[in-house]
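Take a look at the structure set out below.
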Amino acid sequence: MTVYGEPISKLPNVGTSIFTTMSQLSSDHGALNLSQGFPDFDADKRLVDLVNHHMKSGRNQYAPSNGIPKLRKEIADLFSDYYGAQINWENNVTITVGATEAIYASLAGLISPGDEVIIFDPSYDSYDPVVRLNGGIPVRLKLRPADFSVDWDQVESRIGANTRIILINSPHNPTGAILEKTDLERLQEIAIKNDLIVVSDEVYHHIIFDGQRHESVLRYPELAMRSVAIFSFGKIFHATGWKVGFAIASETLTREIQKIHQFLTFSVHTPTQFALADYMEEGLQFESISKLFEKKRDLFVDQLDNPRFIPVRSRGTYFQLLKYQDALNDMALATKMTKEARLASIPISVFYEDGFDDHVLRFCFAKEDETIMKAVNILNAYS
Ligand SMILES: Cc1ncc(COP(=O)(O)O)c(C=O)c1O
């Protein structure tokens, strides 16, 4: 029988996300869920009160499409100061529905059909499908397996006439690696030489350890001119469910991003924008957030005492990788650990185009210390 209305899938190879799969498995087996990347502690009560306040005082209608001026001004001031950049709130800042929308609007606005986008594997799961949906061709290059650094010579050798965008993510999910000054300098040189745009996912910019400095594209004036820097209030304020993020870019790039944004979502939750603006006005220290998570990373890594698991010490983000020695592939081990030891993690092979499996699991340590210790005890007892 002919089936009418059967869709032709635009993403035939995309199934249920690994985060949904592992979180479901975790809840089915009553496991400790260190798979998905969200804190098990709450956002600051002051910020929650501010959202309530603005709802009660009637700020409940559409916000301006690109974001309320006060929030865009706060962002422009803080990020200009912090990264020594020249950010104008009117022309360079767009408030989006999480970093997810900023990534989508940037790629949709800046890719023309047939453009190649360089992505580094293991890569965050939204990049590849969003490139494809917009007629682009993802060119997925592997980070070096030992330390997850970028091989810039390989990048240069893969640049051709159709290369348009390089997509970077630092601090990096899922590996906890970071890009250094020399990386950004090389990237700037390559981008200028080949007239490329850089989309820079910096949602973990405020979580960087061991006294290191976050190398934002915004620090490098010539690179900043051809880049979109993407951030997430959900990550900054431990409120991932609020889904508010923003993109900072040159006026020309911003114009194209905003054209997509106005038809994708038009605008973002109004009372939350007012609350975030007030909260930022009261002062915001990224350093204290880094310190909070550095202590949690140290607790997780230093208390781990099972030679089967070898940590690749996280340098930023709230993710810790553990390499393991076992015959099982990473998906099989993550599943077995969730079902039998009741600890859920994410297998890293899912973030590779070719499913490369180097026997590595990702654990989220944005958790209360007690939760981290429970997880470590499970790992220490695992045989
Ligand atoms: C690397 C990376 N980019 C983007 C996002 C999405 O951020 P948001 O929740 O603000 O949409 C995440 C969320 O986990 C992420 O890890």
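The values are calculated or read from the model by the stated rules, or taken from the named source; none is laboratory data. Note that the structure is predicted; figures quoted are calculated from it, not measured. Note that each Cβ is placed from the backbone with ideal geometry, even for glycine, and that neighbours are counted across all protein chains shown.
Please determine whether any residue of segment 217-229 is buried (at least 17 other Cβ atoms within 10 Å of the Cβ), within 11 Å of the ligand (Cβ to nearest atom) and modelled with pLDDT of 95 or more.
Scanning segment 217-229 turns up no residue that is buried (at least 17 other Cβ atoms within 10 Å of the Cβ), within 11 Å of the ligand (Cβ to nearest atom) and modelled with pLDDT of 95 or more.
Select from segment 283-305 the residues that are more than 25 Å from Leu47 (Cβ to Cβ) and in contact (Cβ under 8 Å) with a residue 40 or more places away in the chain and write down the one among them that is surrounded by the fewest Cβ atoms within 10 Å (Cβ to Cβ). Give the steps one after another, and end with the answer.
Applying the first criterion (more than 25 Å from Leu47 (Cβ to Cβ)) to segment 283-305 yields 298-305.
If we keep only those that are in contact (Cβ under 8 Å) with a residue 40 or more places away in the chain too, we end up with 299-300, 303-305.
Details: Leu299: 16, Phe300: 26, Gln303: 14, Leu304: 18, Asp305: 9.
Filtering first and then ranking leaves Asp305.
The rows are residues; the columns are (1) exposed (fewer than 15 other Cβ atoms within 10 Å of the Cβ); (2) closer than 24 Å to Thr317 by Cα; (3) in contact with an Asp or Glu (Cβ under 7 Å, 6 or more places away or on another chain); (4) assigned by TED's automatic domain parsing to the domain that holds Phe351.
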residue	(1), (2), (3), (4)
Ser23	no, yes, no, yes
Ser27	yes, no, no, yes
His54	no, no, no, no
Ile68	no, no, no, no
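Any idea which residue in segment 315-348 is farthest from the ligand (Cβ to nearest atom), counting only those that are within 18 Å of Leu25 (Cα to Cα) and among the polar types (S, T, N, Q)?
Asn329
Looking only at residues in segment 254-264 that are under 21 Å from the mean Cα position of the chain (by Cα) and buried (at least 16 other Cβ atoms within 10 Å of the Cβ), which one is farthest from Asp77 (Cα to Cα)? Lay out the reasoning, then the answer.
Filtering segment 254-264 down to residues under 21 Å from the mean Cα position of the chain (by Cα) leaves 254, 257-258, 260-261, 264.
Checking the rest, the ones that are also buried (at least 16 other Cβ atoms within 10 Å of the Cβ) come to 254, 257-258, 260-261.
Numbers: Thr254: 17, Ile257: 21, Gln258: 20, Ile260: 25, His261: 23 Å.
Selected residue: Ile260.
Kindly indicate which of Ser290, Ser314 is in contact with a strand residue (DSSP E or B) (Cβ under 7 Å, 6 or more places away or on another chain), within 30 Å of Ala76 (Cβ to Cβ), in the same structural domain as Leu361 (by TED's automatic domain parsing) and of a type in the set (Ser, Thr, Tyr).
Working: Ser314 fails: within 30 Å of Ala76 (Cβ to Cβ).
Exactly one residue qualifies, and that residue is Ser290.
Note down all Cβ pairs under 6 Å where the first residue falls in segment 81-103 and is farther than 14 Å from Ser227 by Cα, the second is of a type in the set (Lys, Arg) and outside any helix (DSSP H, G or I), and they're at least six residues apart or on different chains.
Val97/Lys243; Gly98/Lys243
Residues to consider are Ile111, Ile75; find the one that is closer than 20 Å to Gly283 by Cα, surrounded by 15 or more Cβ atoms within 10 Å (Cβ to Cβ) and among the aliphatic types (A, V, I, L, M).
Numbers: Ile111 fails: closer than 20 Å to Gly283 by Cα.
The unique qualifying residue is Ile75.
Output the number of the condition that Gly37 fails; it satisfies all remaining conditions of (1) surrounded by fewer than 17 Cβ atoms within 10 Å (Cβ to Cβ); (2) in contact (Cβ under 8 Å) with a residue 24 or more places away in the chain.
(1)
Within segment 92-103, identify whether any single residue is over 20 Å from the mean Cα position of the chain (by Cα) and surrounded by fewer than 16 Cβ atoms within 10 Å (Cβ to Cβ), and answer yes or no.
Filtering segment 92-103 for residues over 20 Å from the mean Cα position of the chain (by Cα) gives 92.
Now narrow it down to the ones that are surrounded by fewer than 16 Cβ atoms within 10 Å (Cβ to Cβ): none.
Checked against the condition, which is being over 20 Å from the mean Cα position of the chain (by Cα) and surrounded by fewer than 16 Cβ atoms within 10 Å (Cβ to Cβ), segment 92-103 yields no hits at all.
For the condition hydroxyl-bearing (Ser, Thr, Tyr) and more than 10 Å from the ligand (Cβ to nearest atom), what is the one hit in Ser232, Ser200, Ser170? Working first, answer last.
Details: Ser232 fails: more than 10 Å from the ligand (Cβ to nearest atom); Ser170 fails: more than 10 Å from the ligand (Cβ to nearest atom).
On inspection, the qualifying residue turns out to be Ser200.
Kindly indicate whether any position in segment 262-281 is more than 16 Å from the ligand (Cβ to nearest atom), in contact with a Ser or Thr (Cβ under 6 Å, 6 or more places away or on another chain) and free of Cβ contacts under 8 Å to residues at least 40 places away in the same chain.
no
Spot the failing condition for Val131; the list is (1) under 23 Å from the mean Cα position of the chain (by Cα); (2) surrounded by fewer than 19 Cβ atoms within 10 Å (Cβ to Cβ); (3) without any contact (Cβ under 8 Å) to a residue 60 or more places away in the chain, and only one is missed.
(2)
For segment 236-250, indicate whether the set of residues that are away from the ligand (no atom under 16 Å from the Cβ), over 22 Å from the mean Cα position of the chain (by Cα) and over 16 Å from Gly67 (Cβ atoms) is non-empty.
no
Between a residue in segment 189-209 that is without any contact (Cβ under 8 Å) to a residue 40 or more places away in the chain and assigned to a strand (DSSP E or B) and any residue that is among the basic types (Lys, Arg) and surrounded by fewer than 24 Cβ atoms within 10 Å (Cβ to Cβ), which pairs come within a Cβ distance under 7 Å, given they are 6 or more apart or on different chains?
From segment 189-209, the pairs are Val198/Arg226.
Tally time: how many residues in segment 152-188 are under 24 Å from Leu322 (Cβ atoms) and either more than 21 Å from the chain's Cα centre (by Cα) or surrounded by fewer than 18 Cβ atoms within 10 Å (Cβ to Cβ) (or both)?
Applying the first criterion (under 24 Å from Leu322 (Cβ atoms)) to segment 152-188 yields 169-180.
In the following step, the residues that additionally are either more than 21 Å from the chain's Cα centre (by Cα) or surrounded by fewer than 18 Cβ atoms within 10 Å (Cβ to Cβ) (or both) were identified as 180.
So the answer is 1.
Those residues that are assigned to a strand (DSSP E or B) and not β-branched (Val, Ile, Thr), I need them from segment 210-236; list them, please.
Residues of segment 210-236 assigned to a strand (DSSP E or B): 227-232.
Selection gives Ser227, Ala229, Phe231, Ser232.
Which condition number does Thr16 fail, the rest of (1) touching a helix residue (DSSP H, G or I) at 6+ places or on another chain (Cβ under 8 Å); (2) more than 30 Å from Leu253 (Cα to Cα); (3) part of a loop (DSSP other than H, G, I, E, B) being met?
(1)
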